[in-house]
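Engineer: Let me give you the structure first, and then I'll get to my questions.
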Amino acid sequence: MKVGGSELPLRDSHHERPKLLAAASGGGHWEQMLVISSAFSSFEVVYITTDKSLLEYADVGRGYVVKDCNRDTPLTAFITLFKIMKIVVLERPNCIVSTGALPGLLCLLVGKISGSNTIWIDSVANGEKLSMCGQLASRFASLCLTQWEHLAHDGRSFYLGSVL
Amino acid sequence: MIFVTVGSQLPFDRLIKIMDEAAVDLSDRVFAQMGKTNLVPKHISAVEKVSPIEFNKFMRNSRVIVSHAGIGSILTAQKWKKPILIFPRRADLGEHRNDHQLATAAALKQVPGVYVALTADELRAKLISSEGLVPSGGQESVLRRDLISGLRQYLSRLG
């Protein structure tokens, strides 16, 4: 960028296409993410999951693998959190979407702090109440979705539809 | 072939034992992904885990799926349009931390191609009459279309 007589360096701060980070643990969470991924077509999508072979099989383009963790593995959760922080800093997504579980929640938390939009989609398996991660997400995420209409009653989580 | 799966997180010995005994009376070959367990089935071939590629291949090549009530298994069975018999894990038997698989099963009873068995007898009965089971995943779900288009709309409004 030219200012006065000088050519000043200008950091490229904008992505060409908005970037979306899609985080889902292996299993049902991942399968649900693949089902809804056609909603992301106007974004450059980067995936985060817990098993390398899932990225390979789904042929989803760019992705990262983090160690799976849950409430019973706090040390692993800590390690995974650090890896997620590095990924979010590197990728600077406009939006982070997760279908669960705990690694996905950690992605939303880091995204929230760094200014990304954050969307939690509670697993369709949770038909009686929102998952514990979902309840936490509903307190800070930009949008929290449940896949059961009768659970979207508290003004914190909303219903659009369901993968089943 | 009948493909049995207990999911990638926990074993499910009760289901594997039922299938091992039932296999004697079935004409299909039975193959199970049984998780980390000390069980050694006598009448079915079984492995601890399968890769995603193999999981999809076994699903695709089976006539009927028997599964814990896990969403990943159900969605994959629907993807390959296979009838799926779901057998929920129970918290009171230490098979899961809560009963959400029972809730999942109750909610899915109306979905074509998804069948629920709560006891060994129910499961055996459905296996014996499995020629009459219909494929799952037949119609594109309206709810699925709504979720995807709703999400797409929301995402398009983000800055």
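Engineer: Looking at region B:59-66, is at least one residue away from chain A (no Cβ under 14 Å), in contact with an Asp or Glu (Cβ under 8 Å, 6 or more places away or on another chain) and open to solvent by 10 Å² or more (accessible area, probe 1.4 Å)?
Structural biologist: Looking for residues that are away from chain A (no Cβ under 14 Å), in contact with an Asp or Glu (Cβ under 8 Å, 6 or more places away or on another chain) and open to solvent by 10 Å² or more (accessible area, probe 1.4 Å), one finds at least one in region B:59-66, hence yes.
Engineer: Here is a further query. Take the residues in region A:57-67 that are more than 9 Å from every other protein chain (Cβ to nearest Cβ) and open to solvent by 60 Å² or more (accessible area, probe 1.4 Å); name whichever of them is nearest to A:Leu105 (Cα to Cα).
Structural biologist: Looking at residues that are more than 9 Å from every other protein chain (Cβ to nearest Cβ) and open to solvent by 60 Å² or more (accessible area, probe 1.4 Å), I get A:Lys67.
Engineer: Sort out which residues of region B:10-38 are polar (S, T, N, Q) and under 16 Å from the mean Cα position of the chain (by Cα), and write them in order of number. Give the steps one after another, and end with the answer.
Structural biologist: Of the residues in region B:10-38, the ones polar (S, T, N, Q) are B:27, B:33, B:37-38.
Of everything in region B:10-38, just one residue is polar (S, T, N, Q) and under 16 Å from the mean Cα position of the chain (by Cα), namely B:Gln33.
Engineer: Within region B:122-129, is even one residue surrounded by 18 or more Cβ atoms within 10 Å (Cβ to Cβ), in a helix (DSSP H, G or I), at the interface with another protein chain (Cβ under 10 Å from one of its Cβ atoms) and of a type outside the set (Gly, Ala, Ser)? Explain how you work it out, then say what you get.
Structural biologist: The initial filter retains those residues of region B:122-129 that are surrounded by 18 or more Cβ atoms within 10 Å (Cβ to Cβ), namely B:123, B:126-127.
Cutting the leftovers down to in a helix (DSSP H, G or I) gives us B:123, B:126-127.
Applying the additional criterion that residues be at the interface with another protein chain (Cβ under 10 Å from one of its Cβ atoms) yields none.
No.
Engineer: Then there's this: Yes or no: A:Lys112 within 13 Å of the chain's Cα centre (by Cα) and either over 19 Å from A:Cys69 (Cα atoms) or acidic (Asp, Glu) (or both)? Give the steps one after another, and end with the answer.
Structural biologist: Working: within 13 Å of the chain's Cα centre (by Cα): yes; either over 19 Å from A:Cys69 (Cα atoms) or acidic (Asp, Glu) (or both): yes.
It is true that A:Lys112 is within 13 Å of the chain's Cα centre (by Cα) and either over 19 Å from A:Cys69 (Cα atoms) or acidic (Asp, Glu) (or both).
Engineer: Here's another thing I want to ask about it. Take A:Phe40 and decide whether it is within 14 Å of the chain's Cα centre (by Cα) and of a type in the set (Phe, Trp, Tyr).
Structural biologist: Considered against the rule, which asks whether it is within 14 Å of the chain's Cα centre (by Cα) and of a type in the set (Phe, Trp, Tyr), A:Phe40 comes out as yes.
Engineer: While we're on this one: If we scan region A:43-54, do we find a residue that is under 26 Å from B:Arg157 (Cβ atoms) and either polar (S, T, N, Q) or within 8 Å of chain B (Cβ to nearest Cβ) (or both)? Working first, answer last.
Structural biologist: Kept after step one, since they are under 26 Å from B:Arg157 (Cβ atoms), are these residues of region A:43-54: A:43-48.
Those left that are additionally either polar (S, T, N, Q) or within 8 Å of chain B (Cβ to nearest Cβ) (or both): A:43.
Checked against the condition, which is being under 26 Å from B:Arg157 (Cβ atoms) and either polar (S, T, N, Q) or within 8 Å of chain B (Cβ to nearest Cβ) (or both), region A:43-54 yields at least one hit.
Engineer: Sticking with this structure for a sec: Grab the strands (runs of 3 or more DSSP E) fully contained in region B:1-108, keeping just those with 2 or more residues being more than 20 Å from B:Ala125 (Cβ to Cβ), of a type in the set (A, V, I, L, M, F, W, C) and modelled with pLDDT of 95 or more.
Structural biologist: Numbers: elements: B:2-5, B:30-33, B:45-47, B:64-67, B:84-86.
Hits in region B:1-108: B:45-47.
Engineer: Then there's this: When region A:50-63 is examined, which residues are found to be closer than 12 Å to A:Ala24 by Cβ and touching a residue at least 12 places away in the same chain (Cβ under 8 Å)?
Structural biologist: A:Thr50, A:Asp51, A:Leu54, A:Ala58, A:Val60, A:Gly63
Engineer: In addition: State whether the residues of region A:5-19 include one that is under 15 Å from the mean Cα position of the chain (by Cα) and within 14 Å of another protein chain (Cβ to nearest Cβ).
Structural biologist: Yes, because at least one residue in region A:5-19 is under 15 Å from the mean Cα position of the chain (by Cα) and within 14 Å of another protein chain (Cβ to nearest Cβ).
Yes/no per residue for (1) hydroxyl-bearing (Ser, Thr, Tyr); (2) open to solvent by less than 60 Å² (accessible area, probe 1.4 Å); (3) within 11 Å of chain A (Cβ to nearest Cβ); (4) in contact with a Leu (Cβ under 6 Å, 6 or more places away or on another chain):
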site: B:Ala69; (1), (2), (3), (4): no, yes, yes, no
site: B:Ser73; (1), (2), (3), (4): yes, yes, yes, no
site: B:Leu85; (1), (2), (3), (4): no, yes, no, no
site: B:Ala91; (1), (2), (3), (4): no, yes, no, no
site: B:Asp99; (1), (2), (3), (4): no, no, yes, no
site: B:Ala103; (1), (2), (3), (4): no, yes, yes, no
site: B:Pro112; (1), (2), (3), (4): no, no, no, no
site: B:Glu131; (1), (2), (3), (4): no, no, no, no
site: B:Leu143; (1), (2), (3), (4): no, no, yes, no
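Engineer: Moving on to the next point. Looking at region A:1-56 only, could you name the residues that are assigned to a strand (DSSP E or B) and open to solvent by 50 Å² or more (accessible area, probe 1.4 Å)?
Structural biologist: A:Lys2, A:Val3, A:Ser6, A:Glu7, A:Glu44
Engineer: For A:Leu34, state whether it is aliphatic (A, V, I, L, M), over 11 Å from the mean Cα position of the chain (by Cα) and modelled with pLDDT of 95 or more.
Structural biologist: Yes, satisfied.
Engineer: In addition: I need the full set of residues from region B:33-79 which are in contact with a helix residue (DSSP H, G or I) (Cβ under 6 Å, 6 or more places away or on another chain), over 24 Å from A:Gly127 (Cβ atoms) and among the hydrophobic types (A, V, I, L, M, F, W, C), in order please.
Structural biologist: B:Met34, B:Leu39, B:Ile44, B:Ile53, B:Val64
Engineer: Checking the conditions here, which among B:Lys49, B:Lys17 is closer than 26 Å to A:Val35 by Cα and basic (Lys, Arg)?
Structural biologist: Of B:Lys49, B:Lys17, the one residue that is closer than 26 Å to A:Val35 by Cα and basic (Lys, Arg) is B:Lys49.
Engineer: Consider B:Gln139 against the criteria (1) part of a helix (DSSP H, G or I); (2) open to solvent by 60 Å² or more (accessible area, probe 1.4 Å); (3) within 14 Å of chain A (Cβ to nearest Cβ): it satisfies all of them except one. Which criterion is unmet?
Structural biologist: The number of the failed condition is (1).
Engineer: Identify, from the list B:Val40, B:Val24, the residue that is away from chain A (no Cβ under 14 Å), surrounded by fewer than 21 Cβ atoms within 10 Å (Cβ to Cβ) and farther than 21 Å from B:Glu131 by Cβ.
Structural biologist: B:Val40
The values are calculated or read from the model by the stated rules, or taken from the named source; none is laboratory data. Source: prediction; values computed, not measured. A quick note on method: Cβ atoms are made from the backbone with ideal geometry, for glycine too, and the neighbour counts reach across all protein chains shown. Accessible surface is based on the protein model in full, side chains and every heavy atom, while ligands, DNA and RNA are left aside. Shrake-Rupley method; radii C 1.70, N 1.55, O 1.52, S 1.80 Å.
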